[in-house]
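Report on the structure given below.
The values are calculated or read from the model by the stated rules, or taken from the named source; none is laboratory data. Just so it is clear, the structure is predicted and the values come from calculations on it, not from any experiment. Glycine also receives a Cβ, built like all others from the backbone with ideal geometry; neighbour counts cover every protein chain displayed.
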C-alpha cells in the first residue's frame, strides 16, 4: 500500500512529540531552548515561541491528530490506486456459436487455426468456448425467407456478449445486410459497433470452405479491436476488404502495419 507517511515515520514523529512534552513537564521551572534552523529561542518559564506548557500540549495533540488523519487519507488513496491497477483488462474469451446445420464438431475444428492466428499477433493466450448448436428463429430471416439477416442476429444476441466475451456466430446459411443502398446484400461476415457479436458464413466460400476461419478472424478483429480494414490494402492481409468477394485464399496473415497496431 502506498501512503504519504510510512508507519515507521509516523512512529518516530509521535515518539519525539511525546518526548518533548515529557521534557517540558520535568523542566517546568527551568529555562527552555529550541534550536530552529540554527537559531536559539530562549525565554524563562516558557517553551519556544512564547507558549506555556499547557498551550503547547494542546498544539501537540492537534499535530498528532492531523498526522493520523493525513496518514489515513493517504492510505485510502493508495488503496484506490492499488484497486485501479489490479482491475486491468483481461484477454477476452472467444465464444463460437454454431447455428442451424453447423455442428459443434465443425466449430471445434476452427479453434486451432483461430487460436494460432489471434495468439500469434497478440502474444496473449486466449480461452475458447464452443456452445451447443443453436437453431435460429425464422424472424431473423429476410422478407423472402431465403437468407438470414446478419444484422438481426447481432442485435438479437448482443446482450450475451461484451469486451470480455466475444461471440462469433457460425453458419452454412447465406447471410445478408443492408449495404450501399442494397436492402439485402449477401455477405461473408458482418460485425457492427458497438456490439461484441459477429457472424461468419461459409455459404459464399463455395469450394474454399477451409477459409472460414479467416472470415471469422477478420470479423473478430472488427468486433473486438474496433479496427477497420487494412489501410495498406495488402493482398495477403486478412484485414483487407473483401468487397463482397470470396478472395481469402491468398490472405494468410496480417500485414506488417496491421500487426503493429493490433494488440490485446
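Annotations
- Verdict on residue 101 being assigned to a helix (DSSP H, G or I), assigned by TED's automatic domain parsing to the domain that holds residue 211 and more than 20 Å from residue 239 (Cα to Cα): no
- Test result for residue 204, in contact with a strand residue (DSSP E or B) (Cβ under 8 Å, 6 or more places away or on another chain), surrounded by fewer than 22 Cβ atoms within 10 Å (Cβ to Cβ) and part of a helix (DSSP H, G or I): yes
- Leading residue by the ranking (farthest from the chain's Cα centre (by Cα)) among those in the range 140-184 that are without any contact (Cβ under 8 Å) to a residue 12 or more places away in the chain and not in a strand (DSSP E or B): 145
- Any hit, the range 121-132, residues being surrounded by 18 or more Cβ atoms within 10 Å (Cβ to Cβ), closer than 17 Å to residue 98 by Cβ and touching a strand residue (DSSP E or B) at 6+ places or on another chain (Cβ under 6 Å): yes
- Criterion: more than 17 Å from residue 223 (Cα to Cα) and in contact (Cβ under 8 Å) with a residue 12 or more places away in the chain - qualifying residue of 91, 98: 98
- Some residue of the range 214-227 being in a loop (DSSP other than H, G, I, E, B) and under 25 Å from the mean Cα position of the chain (by Cα): yes
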